[in-house]
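Visitor: Here it is, the structure in full.
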Amino acid sequence: MIRTAIISPLLLVACVQAPQSADAAFSPDYQGVSTRLLEGDLVQFHVSMTGARNSADLDNYAECAAAQYALIRGYGFARHVRTKMKQEGGVQTADAVYTISPSLPRGLRTIDAEVVVADCEANGIPTV
């Protein structure tokens with residue numbers, strides 16, 4: 001014998017919560033960037049912030065710093081090499097390394113510095 005249950009659509013509606021904006025609770029505190037030229041075109045960025053929703057927020061902050069740094073040095077492009085992230089006491093930090101170059105570098109994680117800086121400004125993410 002097979003039993004079937006009939007669920008009223010009104011009962012299902014009562015269980016659905018109104019969607020919340022992903023940005024409603026996002027209030028980042030960008031706590032600064034330090035840069036260090038490692039060798040030639042290799043640059044290290046230390047960024048820290050609180051209020052990040054996930055690691056992508058911290059990664060975006062480091063990318064904004066790298067893009068602005070490339071422009072300051074007269075270069076138009078950068079390529080992500082690696083990022084190490086950690087969290088201590090509510091503060092998220094990233095140690096990111098990028099190469100900067102005057103022309104589009106080879107690789108998968110390349111950035112056009114002017115485009116990225118404009119995007120960072122539009123989204124309220126500070127640069128160097």
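Coordinate-derived values only; no laboratory data. Since this is a predicted model, take the numbers as computed values, not measurements. Neighbour counts are summed over all protein chains in view; Cβ atoms, including those assigned to glycine, are modelled from backbone coordinates with ideal geometry.
Visitor: Order by neighbour count: F45, F26, fewest other Cβ atoms within 10 Å first, most last.
Guide: On the way: F45 22, F26 11.
Lowest count first: F26, F45.
Visitor: A further question on this structure: Specify the inter-centroid distance of the stretch 30-60 and the stretch 74-96, based on alpha-carbon positions, in whole Å.
Guide: The stretch 30-60 and the stretch 74-96 have Cα centres separated by 4 Å.
Visitor: Mind putting a number on the dipole of the stretch 29-122 about its Cα centre? Charges go on the C-beta only, +1 for Lys and Arg and -1 for Asp and Glu, and I need it in Debye to the nearest 20. Can you show the working numbers first?
Guide: Values: 9 positive and 12 negative charges, 69 e Å.
Charge dipole, the stretch 29-122, about its Cα centre: 340 debye, nearest 20.
Visitor: Around Q31, with a cut-off of 15 angstrom between Cβ atoms, what is the net charge of the other residues, counting Lys and Arg +1 and Asp and Glu -1? Kindly include the intermediate steps, with their values, before the conclusion.
Guide: Working: positive: K86; negative: D29, D57, E88, D95.
Counting the neighbours of Q31, the net charge comes to -3.
Visitor: Over the Cα atoms of the stretch 29-122, what is the Rg over Rh ratio if Rh follows Kirkwood? Spell out each step's value before the answer.
Guide: Working: Rg = 12.6 Å, Rh = 13.2 Å.
Computed over Cα atoms, the ratio is 0.96.
Visitor: Convert 25 °C to kelvin, take the viscosity as 0.890 mPa s, use the Kirkwood radius over C-alpha pairs of the stretch 89-128 as Rh, and evaluate the Stokes-Einstein diffusion coefficient in µm²/s, rounded to a whole number.
Guide: Rounded, D is 197 µm²/s.
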